[in-house]
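**Student:** Quick one: structure below, then a few questions.
The values are calculated or read from the model by the stated rules, or taken from the named source; none is laboratory data. Quantities reported herein were computed from a predicted structural model and do not represent experimental measurements. Cβ: placed from backbone, ideal geometry, glycine included. Neighbour counts: every protein chain shown.
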Amino acid sequence: MNYFKIFSLSNGESEVEELKFNLSTEDFIKGTPSFPMEDLGNTNTLKIACVPNGWNGGWHPTPVLQWVVTLSGAAEMRVSSGKVINLASGVPVLLTDTSGKGHHTVVVGNDDWCSMLISI
């Protein structure tokens, strides 16, 4: 299972990389078969956001270190290298670009883009 990470470069530009979660089998629920999972650490806040279709956020850094997971609708995040991430339902993105140019987010399609924002 993969996720995207958007990060700032030393020159203020932004980049994205696709990484794999480090899943390992754990006995999470007593009395049931074990399954793969990864502990990603503590969280600070959990928010649901529904951004209207057609919204264009322009270039901005993330306000906090956070995971963004699309629940419904679709958006695109562009980094300054020109790479674009298509955010469909279930796509996880780790935003660490708290400084510099940041990323450019646009809601695409006919529906609002609803996502879970998990600050870390």
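**Student:** Step by step: first the residues of the stretch 79-95, then only those that are under 12 Å from Ile6 (Cα atoms) and under 10 Å from the mean Cα position of the chain (by Cα), then the one that is surrounded by the most Cβ atoms within 10 Å (Cβ to Cβ). Which residue is that?
**Tutor:** This residue is Leu95.
**Student:** Step by step: first the residues of the stretch 29-52, then only those that are surrounded by 10 or more Cβ atoms within 10 Å (Cβ to Cβ) and either polar (S, T, N, Q) or without any contact (Cβ under 8 Å) to a residue 40 or more places away in the chain (or both), then the one that is farthest from Thr96 (Cα to Cα). Which residue is that?
**Tutor:** Taking the candidates together, the pick is Ser34.
**Student:** Follow-up question, since we're still on this one. Looking at the stretch 63-78, I want the residues that are at positive phi and buried (at least 18 other Cβ atoms within 10 Å of the Cβ) and have a partner that is of a type outside the set (S, T, N, Q) and at pLDDT 95 or above with Cβ atoms under 6 Å, at least 6 apart or on another chain. Which pairs are those?
**Tutor:** As it stands, the answer is Gly73/Asp111; Gly73/Asp112; Gly73/Trp113; Gly73/Cys114, since those pairs meet every condition given.
**Student:** If you go through the stretch 96-106 one residue at a time, do you hit one that is more than 17 Å from Thr45 (Cα to Cα), crowded, with 16+ Cβ neighbours inside 10 Å and among the acidic types (Asp, Glu)?
**Tutor:** Scanning the stretch 96-106, I find at least one residue that is more than 17 Å from Thr45 (Cα to Cα), crowded, with 16+ Cβ neighbours inside 10 Å and among the acidic types (Asp, Glu), so the answer is yes.
**Student:** Here is a further query. Does Ile29 satisfy being hydrophobic (A, V, I, L, M, F, W, C) and more than 18 Å from the chain's Cα centre (by Cα)?
**Tutor:** For Ile29, the condition - hydrophobic (A, V, I, L, M, F, W, C) and more than 18 Å from the chain's Cα centre (by Cα) - is met.
**Student:** What number goes with the only condition from (1) of a type in the set (S, T, N, Q); (2) under 14 Å from the mean Cα position of the chain (by Cα); (3) buried (at least 16 other Cβ atoms within 10 Å of the Cβ) that Ser14 does not pass?
**Tutor:** The one condition Ser14 does not meet is (2).
**Student:** Take residues that are basic (Lys, Arg) and tell me which of the strands (runs of 3 or more DSSP E) falling wholly in the stretch 31-90 contain 1 or more.
**Tutor:** So the answer is 45-51, 74-79.
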